[in-house]
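Down below is the structure, laid out as structure tokens.
The values are calculated or read from the model by the stated rules, or taken from the named source; none is laboratory data. Remember, it's a predicted structure, so these values are computed and weren't measured experimentally. Cβ: placed from backbone, ideal geometry, glycine included. Neighbour counts: every protein chain shown. Just the protein is used for accessible areas: all its heavy atoms, side chains included, with ligands, DNA and RNA removed. Shrake-Rupley method; radii C 1.70, N 1.55, O 1.52, S 1.80 Å.
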Amino acid sequence: METVKIEKYVDAMLESSSVAAHDISGQIHVMQFCVEELENHIDTEGIKYLNRLQDSLDEVTDLITFYRSYIKKSSLITGQISPKKLFENVVHSLQVHFWNEFKKLKFDTSEIDDSVCLDASNEELHSVLFSLMAIYLEELKKGQLVDSVVKLKLKVLDSKYSEFTLESVLPVDEAVFLKLDDSSSPGAKVFRKNLGHEIILNSSKYDISCSNEGENFLVSLKIKVLNV
């Protein structure tokens, strides 16, 4: 399929999704109004169920708000973008698959060097970074999540290499980064995670390692795609 046709197809899907999100949002607001009115016509025992319903409606509203924002950022990107914009897009993609985890974790991108020029396609870099972070988050789900900040860093090492680092106080098994996940059930998240992971494992451009620095767990990705 030609690039132009793909762009038109994607734009049509995004427009349809945006309209659907708007319409659903309108109905949710009607339901929230009804809940507020019912509070004046129900006994004390029933209030707890109304509160649970209200909490669920609030959650759905948050989801719709997020997806409406996500849809706006999901159109096909052409040309180079800055490292910070790239990481913003990757984190946004991760939130789609790890909604509950994002309630506990915050991502700090303040140490992303925006002057780094990575000589690789946006699609490849997005896939690689998404996979690395998705593997980490998937492994965290097996343990007890606590509120914490995950630092994302990008810096130049020398004339050929740059380095991406994920730093967190929450460690995971290092072995999960060294082989593809062939045990998970098939699905969009697993496919996307393995897509970038396979590039990392089979390309000479990337070198992954794990280490500990004091109380922090680090996943480092050495990237040989620096354009100087």
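The number of residues in region 158-173 that are open to solvent by less than 50 Å² (accessible area, probe 1.4 Å) and touching a residue at least 60 places away in the same chain (Cβ under 8 Å) comes to 2. Residues in region 174-223 that are open to solvent by 90 Å² or more (accessible area, probe 1.4 Å) and either at pLDDT below 90 or assigned to a loop (DSSP other than H, G, I, E, B) (or both): Leu178, Lys179, Asp182, Ser183, Pro186, Phe191, Ser204, Glu215.
In region 142-157, the residues that are under 14 Å from Lys103 (Cβ atoms) and part of a loop (DSSP other than H, G, I, E, B) reach residues that are open to solvent by 80 Å² or more (accessible area, probe 1.4 Å) and modelled with pLDDT under 95 with C-beta atoms within less than 7 angstrom, at least six apart or across chains, in these pairs: Leu145/Lys104; Val146/Lys104; Asp147/Lys104.
For region 101-140, a residue qualifies if it is in a strand (DSSP E or B) and among the small types (Gly, Ala, Ser), and exactly one does: Ser110. Among residues of region 100-126 being acidic (Asp, Glu) and modelled with pLDDT of 85 or more, the one that is surrounded by the most Cβ atoms within 10 Å (Cβ to Cβ) is Glu124.
Regarding Glu59, is this residue modelled with pLDDT under 80, among the acidic types (Asp, Glu) and open to solvent by 30 Å² or more (accessible area, probe 1.4 Å)? Walk me through how you get there before you give the answer.
On the way: modelled with pLDDT under 80: yes; among the acidic types (Asp, Glu): yes; open to solvent by 30 Å² or more (accessible area, probe 1.4 Å): yes.
Against the criterion (modelled with pLDDT under 80, among the acidic types (Asp, Glu) and open to solvent by 30 Å² or more (accessible area, probe 1.4 Å)), Glu59 qualifies.
Candidates in region 28-42 are the residues that are closer than 14 Å to Thr61 by Cα and open to solvent by 80 Å² or more (accessible area, probe 1.4 Å); of these, the one that is modelled with the lowest pLDDT is His29.
When Ser211, Ser168, Ser203, Ser159 are checked against the criterion of being within 20 Å of the chain's Cα centre (by Cα) and not charged (D, E, K, R), Ser168 stands alone in meeting it.
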